[in-house]
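Every number here is computed from the coordinates shown, using simple stated rules; none is lab data. In this text the structure is predicted, and so the values were computed from the model without any measurement. When we count neighbours, we look across all protein chains shown, and the Cβ atoms used for this are built from the backbone with ideal geometry, even at glycine.
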Amino acid sequence: MSTSQQRGGRGGRRGQLTVYLVMAEPWAFTAALDSVVPDGTDPDRPICGRLTKTTPKAARAGLAMILYVRSEVCLRTMITLSISFGWCCGRPHPERPEIQFDKRTFFPGRFIYEEEDGAIYAGDVGEPDRVHLNPPVARKRKPRGVSNRKTEQRAPLQSLIRTWLSKAHSIDPLRAVRPASFILDAKGINKLSSVHPDHIKTVGDVAAALGETEEWMMEWGAQIMEIITDYDTEIHVQSTERPAPAKGRKVQETNIEYEPRAKRAKITAVSH
């Protein structure tokens, strides 16, 4: 504390207005003072009590300086200095509010403050135009798109595509220099079988799903599109041919004797 006063006094030696800025780290406002040795003769006695070789900086700090930065009253009063000019310190002065020092008078920029909850502001609590620098970001809900093809529909479609691929490669004029995977590899087959039918409506959709070029699309896209279209048409026909469950079904109890046991079991039969 004595060093701080000596450095602060340097500003007034030239007879000009000087701003003495004291900055403190966050731990200075939360450090425990329970271990302070009650020795009023040493203003710089450490807040940890007894020092050792491994005592950290926060524990070595002098008690007077900790009390100074935590002060709620005039800082000049704490060090018994009188006021002889227009401003004093940044602490409240209820009796003479006009002498309270406003940092923004000499520092046009904003001071940065961090609250206990981690919120960071440009501007102090009392400044009405303070800016919240790290507001919580609301996560935008992703629009729910069309789901993938049903799992039970994928394997049959993959089988159809593999059959076509084997035949297409066997008649490919360049089969000697390019393998079947050059036309369509296993990853591409899995991709095509997982895309929802609503996303595969054109040859361009096939190429887009695989990330293929226009040249590839012109050579193979139409054939693959035909396989997918025929497959989806067959699935649709099968689903429409299934008998729909009857509405208002009557349930009656029927007794049927099961062999070889002689016991009679009760089951439920449905009449349409």
Inset, instruction - Filter the trypsin sites (Lys or Arg not before Pro) in the stretch 140-239 down to the DSSP loop ones having no more than 14 other Cβ atoms within 10 Å, then list what survives. - result: 140, 141, 144, 150, 175, 201
Legend entry - Set of aspartates and glutamates with alpha-carbon distance to residue 167 below 18 Å, sequence-local pairs under 8 removed: 185, 219, 226, 230
Legend entry - the stretch 156-207-the stretch 9-76 distance, computed between alpha-carbon centres (Å): 75 Å
Inset, instruction - Report Rg(Cα)/(2.2 N^0.38 Å) for the stretch 136-230, keeping two decimals. - result: 1.27
Legend entry - Per residue Cα convex hull volume in Å³ - calculated over the stretch 1-106: 134 Å³
Legend entry - Cα centre as origin, Lys/Arg/Asp/Glu Cβ charges: the stretch 7-126 dipole, Debye: 740 debye
